[in-house]
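Participant: After the structure tokens below, expect a handful of questions from me.
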Amino acid sequence: MAIERTFSIIKPDAVAKNHIGAIYNRFETAGLKIVAAKMLHLTKEQAEGFYAEHSERGFFGALVAFMTSGPIMVQVLEGENAVLAHREILGATNPAQAAPGTIRADFAQSIDENAAHGSDSLASAEREIAYFFSAEELCPRTR
Ligand code: UDP
């Protein structure tokens with residue numbers, strides 16, 4: 001099994017509802033280790049850049065407004081097949097379609113305010129980690 005790193009955001013809705021610890025617990029219970037983490041309040045430019053691939057979609061303006069509406073937690077998770085393992089505990093984009101027991105099923109209200117983000121591929125993970133973290137901020141879990 002490959003040890004991978006993936007990128008996670010706890011979005012403004014879940015931070016506002018004090019769900020940071022509960023969501024971190026889901027990561028750790030799934031065997032994912034947090035190797036970097038910080039709280040940020042995104043600027044409009046940061047949110048637009050992060051979601052640039054969606055810039056032509058109808059929901060883009062609302063997505064940027066939501067992602068800048070309050071602080072977020074960004075973190076890098078490490079573990080076996082971390083990209084897929086994280087997407088599985090995250091659940092479907094629309095919480096109404098997310099499997100029971102997933103983060104979005106339990107903490108999200110709607111497809112627009114869906115509690116958390118997870119990289120969808122290793123290539124996305126590398127790009128997204130580098131968007132928010134310098135190499136020096138990543139802390140290998142050696143013990
Ligand atoms: N989104 C939205 N409305 C939609 C589809 C997506 O607001 O109809 C937002 C939602 O926050 C989602 C993000 O855009 O998490 C990125 O969409 P994507 O399809 O990449 O889903 P994800 O990878 O986050 O599950």
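The values are calculated or read from the model by the stated rules, or taken from the named source; none is laboratory data. If you're wondering where the values come from, they're calculated on a predicted model, not measured in any experiment. Quick reminder, even Gly has a Cβ in these numbers, built from the backbone with ideal geometry, and neighbours come from all protein chains shown.
Participant: Just to be sure I understand the filter: pairs with C-beta atoms under 9 Å, separated by 6 or more residues or on different chains, first member in region 49-63 and on the phi < 0 side of the Ramachandran plot, second member more than 8 Å from the ligand (Cβ to nearest atom) and among the aromatic types (Phe, Trp, Tyr). Which pairs pass?
Facilitator: 49/131; 50/131; 50/132; 51/60; 54/60
Participant: Starting from residues that are within 13 Å of the ligand (Cβ to nearest atom) and of a type in the set (Gly, Ala, Ser), keep the ones in region 116-140 and report whichever is surrounded by the fewest Cβ atoms within 10 Å (Cβ to Cβ).
Facilitator: Applying the filter and picking the extreme gives 121.
Participant: On to the next question. Looking at region 45-64, which of its residues are near the ligand (Cβ under 10 Å from one of its atoms), in a helix (DSSP H, G or I), of a type in the set (A, V, I, L, M, F, W, C) and surrounded by fewer than 13 Cβ atoms within 10 Å (Cβ to Cβ)?
Facilitator: 62
Participant: Does residue 113 fit the bill of being surrounded by 14 or more Cβ atoms within 10 Å (Cβ to Cβ), at pLDDT 95 or above, within 10 Å of the ligand (Cβ to nearest atom) and over 11 Å from the mean Cα position of the chain (by Cα)?
Facilitator: yes
Participant: Condition first: within 16 Å of the ligand (Cβ to nearest atom), of a type in the set (A, V, I, L, M, F, W, C) and farther than 17 Å from residue 138 by Cβ. Can you find one or more residues in region 17-29 that meet it?
Facilitator: Taking every residue of region 17-29 in turn, at least one turns out to be within 16 Å of the ligand (Cβ to nearest atom), of a type in the set (A, V, I, L, M, F, W, C) and farther than 17 Å from residue 138 by Cβ.
Participant: Given the conditions (1) free of Cβ contacts under 8 Å to residues at least 24 places away in the same chain; (2) under 17 Å from residue 23 (Cβ atoms); (3) hydroxyl-bearing (Ser, Thr, Tyr), which single one is not true for residue 134?
Facilitator: (2)
Participant: Take the conditions within 13 Å of the ligand (Cβ to nearest atom) and crowded, with 17+ Cβ neighbours inside 10 Å and apply them to residue 10. Does it pass? Let's see the steps before the verdict.
Facilitator: Values: within 13 Å of the ligand (Cβ to nearest atom): yes; crowded, with 17+ Cβ neighbours inside 10 Å: yes.
In short, yes.
Participant: Related question: In region 85-102, what count of residues is obtained for those that are surrounded by fewer than 19 Cβ atoms within 10 Å (Cβ to Cβ) and β-branched (Val, Ile, Thr)?
Facilitator: At the first step, the residues of region 85-102 found to be surrounded by fewer than 19 Cβ atoms within 10 Å (Cβ to Cβ) are 87-88, 92-94, 96-97, 99-101.
After this cut, where a residue has to be β-branched (Val, Ile, Thr) as well, the list is 93.
Within region 85-102, residues that are surrounded by fewer than 19 Cβ atoms within 10 Å (Cβ to Cβ) and β-branched (Val, Ile, Thr) number 1.
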